[in-house]
């Protein structure tokens with residue numbers, strides 16, 4: 001659970017900081033677009049003001065040309081007048097285009113245009129009069145002055161408005177910039193904090209993993225050493241221990257064969273006990289050897305094993321016993337698992353023969369095998385990750401003598417027996433071997449006593 | 001085989017040598033028996049005995065000091081005049097690896113020492129009685145060709 005929470009925390013911190021970074025990028029982009037827009041509007045204002053100055057300069061040029069001609073009647077003064085008139089059209093057209101976005105300025109430009117056209121009509125009239133030899137019309141001259149003043153004041157208004165707009169836009173931009181800067185800074189700080197938290201979490205988790213791995217590797221080394229020692233022990237048991245035992249048996253039996261008649265009754269009984277004990281010790285050593293061979297991890301090669309055919313083989317193997325004791329065995333359809341066929345055969349064989357062996361006197365044994373898919377959480381002492389695993393639970397149920405529930409774990413310990421050897425034969429290796437086999441298959445085996453001594457249930461859990 | 005062929009036994013364990021002799025005595029064996037304690041002694045003995053027929057049967061333990069049974073088999077079966085002496089491997093090992101190895105090296109028979117003395121007794125006396133009968137058969141010229 002802790003592992004999952006840490007993982008969730010890391011994902012959350014990463015998600016939040018990622019979202020913040022995306023938002024920050026978007027904000028930065030948006031801001032730069034806006035700033036660009038503002039720069040463009042400032043440019044626009046400058047262009048309008050420049051154009052405005054152009055209009056005034058051009059009308060001045062035209063007027064200067066007119067005055068020069070009126071005073072001197074020299075045609076050369078009409079040249080700037082003509083040039084001014086022709087460029088005025090273009091200037092006014094571009095001015096109209098520039099102020100398209102502002103109706104107020106548009107109105108002003110319209111008025112300026114009208115005043116200019118009136119002024120130019122007057123100038124044309126004055127020039128024509130002078131060319132035809134008439135004197136200067138003072139009324140018209142005063143009219144022209146009025147028009148000029150109108151033009152100047154209109155241009156001034158237009159320029160003022162643009163200037164105000166510029167100031168206003170600058171203030172607005174400054175404020176917006178300050179706000180955005182603050183916001184950007186805040187956001188950066190927050191996402192930095194999140195990133196730091198995220199890294200901290202990752203760091204802690206990584207440290208934990210490293211420590212965990214270290215423990216795991218140490219355990220693995222221990223395990224390998226223990227395994228090597230076990231194998232060493234198996235060898236010692238097989239050779240060094242069996243050797244003297246074989247001698248005890250050989251000389252004991254030789255003594256019985258050659259000298260039995262010479263012994264007293266007490267001597268005969270003692271010799272019998274010695275020989276029986278030697279045989280029993282031999283069994284124990286053989287079982288121990290088998291057990292340690294089953295524990296040998298190197299021989300673990302998994303293949304597909306159909307448990308139905310394993311069950312069938314075991315039934316065949318125990319056929320004589322089944323007929324003799326009138327045993328009924330019912331099994332559900334069993335799954336196919338990954339495993340070692342020989343070991344699974346041993347597992348089934350041991351569990352079924354146990355069920356027959358510990359049956360109630362005068363009651364024909366009934367053994368039921370059922371199979372279900374279950375969650376790992378059903379098992380005690382399981383790691384977090386294993387809890388989510390799905391297992392085949394194969395249950396062997398019998399109607400035998402059962403056992404006291406307090407021994408439900410003890411019976412799996414090697415050489416542990418609940419009954420006297422005179423009642424039931426055996427060395428006490430069977431269930432220990434079953435547990436070993438289950439463990440070899442990354443599985444489990446647990447025992448359950450039915451209430452009222454109505455038999456026992458052995459649940460074998462094998463990974464799906 | 002005109003005269004009584006010798007049975008050569010290689011075993012480093014004195015008790016086992018004693019038990020074997022006890023079985024031989026019980027089944028009334030008249031052939032001479034020679035005991036050696038390891039492979040080197042065995043090879044030395046067999047090279048020194050002048051008559052190649054003097055050793056009629058070898059009972060060979062596998063695990064012995066200095067030179068083990070496998071090495072002995074390798075030497076015996078690589079020399080033409082020694083190859084035809086029947087070798088019975090008599091050992092405590094029941095491992096399939098050992099059994100296969102011995103037969104591959106040319107052992108004629110492999111007997112894992114039974115842990116029960118009664119069974120051991122029966123096995124060895126059956127083997128010896130059989131060998132005595134076979135060794136007393138007249139050598140048929142055609143068969144001799146195969147033997148060599």
So, of the residues in region A:449-464 that are surrounded by fewer than 16 Cβ atoms within 10 Å (Cβ to Cβ) and more than 15 Å from residue A:302 (Cα to Cα), which turns out to be nearest to the chain's Cα centre (by Cα)? A:451
Being free of Cβ contacts under 8 Å to residues at least 60 places away in the same chain, assigned to a helix (DSSP H, G or I), touching a helix residue (DSSP H, G or I) at 6+ places or on another chain (Cβ under 7 Å) and in the same structural domain as residue A:44 (by TED's automatic domain parsing): is that true of residue A:156 here? no
Out of all the residues in region B:61-84, is one or more surrounded by fewer than 17 Cβ atoms within 10 Å (Cβ to Cβ) and in contact (Cβ under 8 Å) with a residue 60 or more places away in the chain? yes
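Going by what's in this entry, would residue A:198 be described as in contact (Cβ under 8 Å) with a residue 12 or more places away in the chain and surrounded by 11 or more Cβ atoms within 10 Å (Cβ to Cβ)? First the steps, then the outcome.
Numbers: in contact (Cβ under 8 Å) with a residue 12 or more places away in the chain: yes; surrounded by 11 or more Cβ atoms within 10 Å (Cβ to Cβ): yes.
Against the criterion (in contact (Cβ under 8 Å) with a residue 12 or more places away in the chain and surrounded by 11 or more Cβ atoms within 10 Å (Cβ to Cβ)), residue A:198 qualifies.
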Of the residues that sit in region B:106-123 and are surrounded by 15 or more Cβ atoms within 10 Å (Cβ to Cβ) and out of contact with any strand residue (DSSP E or B) (no Cβ under 7 Å at 6 or more places or on another chain), which one is nearest to the other protein chains (Cβ to nearest Cβ)? B:117
Against the condition in contact with a helix residue (DSSP H, G or I) (Cβ under 9 Å, 6 or more places away or on another chain) and more than 29 Å from residue A:287 (Cβ to Cβ), how does residue A:223 come out, does it pass? no
Please determine whether any residue of region A:201-209 is surrounded by fewer than 16 Cβ atoms within 10 Å (Cβ to Cβ) and within 14 Å of chain B (Cβ to nearest Cβ). no
With the structure loaded, tell me whether residue A:189 is over 20 Å from the mean Cα position of the chain (by Cα), closer than 30 Å to residue A:23 by Cβ and exposed (fewer than 13 other Cβ atoms within 10 Å of the Cβ) or whether it fails that test. yes
Could you check how many residues of region B:76-100 are away from every other protein chain (no Cβ under 14 Å), over 14 Å from the mean Cα position of the chain (by Cα) and part of a helix (DSSP H, G or I)? 5
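Per-residue answers, yes or no, for (1) assigned by TED's automatic domain parsing to the domain that holds residue A:156; (2) closer than 23 Å to residue A:156 by Cβ; (3) surrounded by 12 or more Cβ atoms within 10 Å (Cβ to Cβ):
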| position | (1), (2), (3) |
| --- | --- |
| A:55 | yes, yes, yes |
| A:59 | yes, yes, yes |
| A:64 | yes, yes, yes |
| A:70 | yes, no, yes |
| A:75 | yes, no, no |
| A:78 | yes, no, yes |
| A:81 | yes, no, yes |
| A:86 | yes, no, no |
| A:91 | yes, yes, yes |
Note on residue B:103: of the conditions (1) in a helix (DSSP H, G or I); (2) within 14 Å of chain A (Cβ to nearest Cβ), unmet is (2)
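Would you check which residues across region A:249-270 are within 10 Å of another protein chain (Cβ to nearest Cβ) and surrounded by 13 or more Cβ atoms within 10 Å (Cβ to Cβ) and list them?
A:249, A:250, A:251, A:252, A:253, A:254, A:255, A:256, A:257
I'd like to know if region B:31-42 contains one or more residues that are surrounded by 15 or more Cβ atoms within 10 Å (Cβ to Cβ), within 14 Å of chain A (Cβ to nearest Cβ) and within 25 Å of residue B:119 (Cβ to Cβ).
Initially, region B:31-42 is screened for residues surrounded by 15 or more Cβ atoms within 10 Å (Cβ to Cβ), giving B:31, B:33-42.
From what is left, the residues that are within 14 Å of chain A (Cβ to nearest Cβ) are none.
No, there is no match, as no residue in region B:31-42 is surrounded by 15 or more Cβ atoms within 10 Å (Cβ to Cβ), within 14 Å of chain A (Cβ to nearest Cβ) and within 25 Å of residue B:119 (Cβ to Cβ).
The values are calculated or read from the model by the stated rules, or taken from the named source; none is laboratory data. Quantities reported herein were computed from a predicted structural model and do not represent experimental measurements. Glycine also receives a Cβ, built like all others from the backbone with ideal geometry; neighbour counts cover every protein chain displayed.
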